[in-house]
Amino acid sequence: MSGEATAEALVDRVLKREPRAVARAMRAVDDRASGFSALLKALYPHTGGAYVIGVTGTPGAGKSTLVDRMIGAYRARDLSVGVVAVDPTSPFSGGAILGDRIRMQRHFLDADVFIRSLATRGHLGGLSRSAGDVIHVLDAAGFDIVIVETVGVGQDELDVTQLAHTTVVVMAPGMGDDIQAIKAGILEVAEVFAVNKADRDGADSTVRDLQQMIALGRQPRALPARHGHSAAAAATTHGGGGDEWTPPIVKTIASKGEGVDELVEAVGAHREWVVDPERGADKRMRRLSHELLTVFRETLARESERRLSSQIAESLVAIAAREDDPYSATDRLIGSLLVPEEVRP
Ligand SMILES: Nc1nc2c(ncn2[C@@H]2O[C@H](COP(=O)(O)OP(=O)(O)OP(=O)(O)O)[C@@H](O)[C@H]2O)c(=O)[nH]1
Ligand SMILES: [Mg+2]
């Protein structure tokens, strides 16, 4: 971005939800283009209106197909939808991203739908920071619903789910999901399960496996009764009242659009739980804390490296000559960061 006037104009146009401005702002924050921080500061006061849904799960489970259907379901409810597809495995716009675009293409002419994939060039602060910033752009642009699709394979991608108000974990039968999921920590982040490809054999046994795992992992708790027979049709045992959320399990056939309304209802039930002033307070604070710390760490690391660049270069020379080691060098670097130059002896 060049010049203050341009930046202000860009903010105005994002707030008016001009697609090109939204795309440009998203690119600027993802690329860390100059002025990206000022842009985010200007946009932040206009955020907080969007409901953020994370959709994650094993590769090929049908996440994009399901997101496409969810877009349709929210549009039918007259809500606008912004989608960010994060594909860490193909940072330079690989095939999967292209596939996502084609899959969601039928929404392309709808002004109330905005779909972008995140390039995530692996800069400091990583995926989570980038996704968080991009969500803010969509939020400020006034989208009612923001959906973030990630492949839940690594910690980085799972971190992204921390930014969501509701995380939907998508499984498919016969993919060895149970073992994979536990490994990847997917179960811990799930607030709603979608067992997709329910047209295939083994869907019911995947549901049963999940029910068992949920029962082992948590005390069975009740969903609000009014959702008991719809969204939570396949949900785990209901019991007691209490403050803990039990993730409902919804069977879907994304390719045919079946079960999608139930899924959207289940997300809605969790939304009611999260926005409750008391019950959802912890979750809301965790989300904010994750966001602040992510921004703080990235900025701290970037600023420190900038300020210490000449000392870092000197240390490198000393380490190469075996006169120093990375550990002692780090102690010294941090020391000089904490004691400002003016007061150093
Ligand atoms: N039989 C069946 N196939 C489905 C269903 N939903 C999606 N698929 C197919 O499964 C394949 C993968 O779907 P995607 O939506 O790309 O899955 P994804 O989880 O987004 O995949 P990645 O982003 O690559 O991890 C596609 O060929 C879909 O047409 C379903 O409910 N039943
Ligand atoms: Mg996908």
Cα→Cβ-extended label distance, 7 Å offset, between S328 and A313, nm: 2.3 nm
Sequence-distant residues sharing a close amide H with G54 (under 5 Å, placed H): V148, H165, T166, T167, V168
Per-residue Cβ neighbour rank within 10 angstrom, fewest leading, L308, L118: L308, L118
Phi to ³J(HN,Hα) by Karplus 6.51 cos²θ - 1.76 cosθ + 1.60 over the range 65-74, Hz, x for Gly, Pro: 4, 5, 4, 4, 5, 5, 4, x, 5, 6
Expected-Rg normalisation [2.2 N^0.38 Å, Cα atoms] applied to the range 27-68: 1.67
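None of the figures in this text is laboratory data; all of them are computed from the coordinates on show. Given the structure is predicted, the values throughout are model-derived calculations rather than measurements. Cβ: placed from backbone, ideal geometry, glycine included. Neighbour counts: every protein chain shown.
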